[in-house]
Amino acid sequence: MQATNHYSLPVPKAALQGIDRSSSPAHTGKLKHAVDLVVPYDTPVLAAADGTVTFVRDDSEKGGPSIAFWYDSNFIVIQHPNMEYSRYDHLATRSAMVKPGQQVKTGQQIARVGTTGFTLLPHLHFQVFVFTGSNVWTDFETLPIKTF
C-alpha cells in the first residue's frame, strides 16, 4: 500500500541535515516506512498536509538512547481527508501549538523538535499510516512515502 496524499517536508528545508530511512533499529516491522529527519533541537515542526489534529502528547520531559524511553515521546497525529494519518515524534516538551480537533493547513507550524522518547539525537520521526485498530502505539501500518 502506498500513501495516496502528497506530503510536504515537515521541517524547514534549510534546517534539514539529513533523511534517515534505515539506520534506526526501531524502524522495522510496523515502522518500516517511517523516516527520521535530522534537524537541530528546537526546529519548527510543520504539518505535512491539511487535516485534523487527533492526538497530542506534550508533557513528557523524558528521553534518551534506551528503549526504556519508547513511550515517553511527545507527539502529534493528524488525520488527513483520505483517512491516512501523519505522526510527528520526539517533540520538545510543551511545544505543541495545536489541540485535538483543530484543523491545520500544510506548512503550518504545529510544534518544535526535541529529544523526548527513544532517541540518540535531535530529529523528527515522521510517519504516514493507517489505523488497524484504536491504539495509537500499536494498531497501525506505516505507508511508504516518496522523498520530499
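The values are calculated or read from the model by the stated rules, or taken from the named source; none is laboratory data. This is a predicted model, so every value here is computed, not measured. When we count neighbours, we look across all protein chains shown, and the Cβ atoms used for this are built from the backbone with ideal geometry, even at glycine.
The criterion of at least 2 residues that are touching a helix residue (DSSP H, G or I) at 6+ places or on another chain (Cβ under 9 Å) is met, among strands (runs of 3 or more DSSP E) falling completely within segment 57-146, by 123-131, 140-142. Cβ-Cβ contacts under 6 Å between residues 6 or more apart (or on different chains), taken from a first residue in segment 120-144 that is free of Cβ contacts under 8 Å to residues at least 60 places away in the same chain to a second residue that is polar (S, T, N, Q) and assigned to a loop (DSSP other than H, G, I, E, B), are listed as Asp139/Thr132. Inspection of segment 105-120 finds no residue satisfying the criterion of being aromatic (Phe, Trp, Tyr), at pLDDT 95 or above and buried (at least 19 other Cβ atoms within 10 Å of the Cβ).
When you check Ser73 against the structure, is it within 20 Å of Ile19 (Cβ to Cβ) and either free of Cβ contacts under 8 Å to residues at least 60 places away in the same chain or touching a Gly at 6+ places or on another chain (Cβ under 6 Å) (or both), yes or no? Spelling it out, Ser73 is indeed within 20 Å of Ile19 (Cβ to Cβ) and either free of Cβ contacts under 8 Å to residues at least 60 places away in the same chain or touching a Gly at 6+ places or on another chain (Cβ under 6 Å) (or both).
Out of all the residues in segment 80-90, is one or more farther than 26 Å from Lys146 by Cα and either touching a Phe, Trp or Tyr at 6+ places or on another chain (Cβ under 8 Å) or not aliphatic (A, V, I, L, M) (or both)? Looking for residues that are farther than 26 Å from Lys146 by Cα and either touching a Phe, Trp or Tyr at 6+ places or on another chain (Cβ under 8 Å) or not aliphatic (A, V, I, L, M) (or both), one finds none in segment 80-90, hence no. Taken as a whole, segment 84-99 holds at least one residue that is surrounded by fewer than 16 Cβ atoms within 10 Å (Cβ to Cβ), touching a strand residue (DSSP E or B) at 6+ places or on another chain (Cβ under 7 Å) and within 26 Å of Gly133 (Cβ to Cβ).
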